[in-house]
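Presented below is the structure to which this report refers.
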Amino acid sequence: MECQESLERISEYIDGELCDSEYEEIKIHLLSCQNCQNVAREFQMLHERVQQSIENTPVPVDIEQRILVAIEREQRKVSKQRVFTLVTVALLGSPLLLLSPFLLKIVHLLYTTGYAFWRVKTVLLTMLPTTTSWGIGVTSFFLSVIGINMIRVLLRGSRFKEVSV
């Protein structure tokens with residue numbers, strides 16, 4: 001093993017994070033290299049000081065509660081930011097989208113299709129028996145769902161992407 005590789009792995013060696021074979025390679029290298037021994041000794045001393053510092057630092061009694069409160073506060077903050085972002089996007093983006101010719105065509109298509117379905121359904125429901133009316137109502141529902149999915153497929157191929165909240 002060369003010094004460069006050994007020096008890159010010294011910290012893992014001291015922390016005991018290496019597999020047995022890697023540990024042995026570095027151990028053998030340290031026996032023959034004075035420079036790497038000095039670096040390893042400094043890392044070991046630093047490691048021991050950090051351990052002592054951790055052991056001598058008292059842990060506050062209410063640390064768990066304080067952490068949970070901080071997490072909750074941060075989640076509320078993120079939630080407020082998300083709502084603010086959605087409102088901002090809606091306010092700034094809606095005039096642009098409403099003026100978009102593509103979106104106007106889709107809205108017009110939805111309106112005329114919905115109006116046509118409504119008119120046909122209304123006329124047929126007044127003229128046909130109840131069981132047939134129910135069948136038409138269920139069919140209209142499924143056709144509406146299919147129409148919505150067709151519009152989603154059309155939107156996937158366009159520059160506009162569906163936004164999920």
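The values are calculated or read from the model by the stated rules, or taken from the named source; none is laboratory data. The shown structure was predicted, so the numbers you read here are calculated from the model rather than taken from an experiment. Neighbour counts run over all protein chains shown; Cβ positions are idealised from the backbone, glycine included.
Only residues that are surrounded by 12 or more Cβ atoms within 10 Å (Cβ to Cβ) and either in a helix (DSSP H, G or I) or at pLDDT 90 or above (or both): list them for segment 5-23, please.
Selection gives GLU5, SER6, LEU7, ARG9, ILE10, SER11, GLU12, TYR13, ILE14, GLU22, TYR23.
What do you reckon, is PRO95 exposed (fewer than 10 other Cβ atoms within 10 Å of the Cβ), of a type outside the set (Asp, Glu) and either at pLDDT 80 or above or not in a helix (DSSP H, G or I) (or both)?
Judged against the criteria, PRO95 is not a match.
Tally time: how many residues in segment 24-81 are free of Cβ contacts under 8 Å to residues at least 24 places away in the same chain and not in a helix (DSSP H, G or I)?
Residues flagged as free of Cβ contacts under 8 Å to residues at least 24 places away in the same chain and not in a helix (DSSP H, G or I) within segment 24-81 amount to 6.
Give me the residue from segment 147-165 that is among the β-branched types (Val, Ile, Thr) and surrounded by fewer than 10 Cβ atoms within 10 Å (Cβ to Cβ) and, out of that set, modelled with the lowest pLDDT.
Across segment 147-165, the extreme among qualifying residues is VAL165.
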